[in-house]
Amino acid sequence: MGAAEEVFDNPTDWVAKHIRRYVESDGAKGHRAYGHDALLLTTRGRRSGKLRRTALWYLRDGERYLLVGSNGASRGDPAWVHNVRANPAVVVQVRGEAFAALAHVASIDERAALWERIASEIPQYAGYQKRVRRELPVVIVEPA
């Protein structure tokens, strides 16, 4: 992910505004969003090859970051999860710090070990899980 490459922000209006606020304030505004900590995740589009950035709630697990592919309780996984499956190299920004990382969708065993904590600390995800037929993917991000 080269520094000169253009990054395309999530096209959903409220998410795009959140990303702009986060970037313009170097994470001072936007790190806390709707009651939870948020980071910016940049992936490479699996079909377009373009860099795609979105804002996501996260939990820390030691040095790792835990993300959930809820897609607002939509039927399918969000594009960023598909992008991670195709290319695990990502860039993460937490507050003012941006770093390269590797991401992967948690295995069944990994997810089982993490889900209770995630659902407890971010109860919106537990609610989303009850509303959808698919299992919400948990993505584990580790600094490279």
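Scanning the stretch 59-86 for residues that are part of a loop (DSSP other than H, G, I, E, B) and either crowded, with 18+ Cβ neighbours inside 10 Å or not basic (K, R) (or both) yields G62, E63, G69, S70, S74, G76, D77, P78.
Filter the stretch 8-29 for residues that are crowded, with 19+ Cβ neighbours inside 10 Å and among the aromatic types (F, W, Y) and give the result. It would help to see each step written out before you state the result.
Filtering the stretch 8-29 for residues crowded, with 19+ Cβ neighbours inside 10 Å gives 9-10, 18-19, 22, 27.
Scanning the stretch 8-29 gives a single hit, Y22.
Which one of L102, L39, L56 is in contact (Cβ under 8 Å) with a residue 40 or more places away in the chain, out of contact with any helix residue (DSSP H, G or I) (no Cβ under 6 Å at 6 or more places or on another chain), in a strand (DSSP E or B) and within 24 Å of P123 (Cβ to Cβ)? Exactly one residue qualifies, and that residue is L39. Of the residues making up the stretch 1-29, those that are hydrophobic (A, V, I, L, M, F, W, C) and either in contact with a Leu (Cβ under 7 Å, 6 or more places away or on another chain) or assigned to a loop (DSSP other than H, G, I, E, B) (or both) are M1, A3, A4, V7, F8, I19, A28.
For R32, the requirement of being within 18 Å of V15 (Cβ to Cβ) and either loosely packed, with under 14 Cβ neighbours inside 10 Å or at pLDDT below 95 (or both) is met. Contact map, the stretch 117-144: residues that are touching a residue at least 40 places away in the same chain (Cβ under 8 Å) and closer than 16 Å to P78 by Cβ paired with residues that are charged (D, E, K, R) and part of a helix (DSSP H, G or I), Cβ distance under 6 Å, separation 6+ or inter-chain. Pairs shown: V138/R111. Of everything in the stretch 87-144, what is out of contact with any Asp or Glu (no Cβ under 8 Å at 6 or more places or on another chain), under 17 Å from R44 (Cα atoms) and among the hydrophobic types (A, V, I, L, M, F, W, C)? Give them in sequence order. Hits for the stretch 87-144 are A89, V90, V91, V92, A98, F99, A100, V105, V139, V141, A144.
The values are calculated or read from the model by the stated rules, or taken from the named source; none is laboratory data. Fair warning: this is a prediction, and the values are worked out from it, not measured in the lab. Cβ coordinates were reconstructed from backbone atoms using ideal geometry, including for glycine residues, and neighbour counts include every protein chain displayed.
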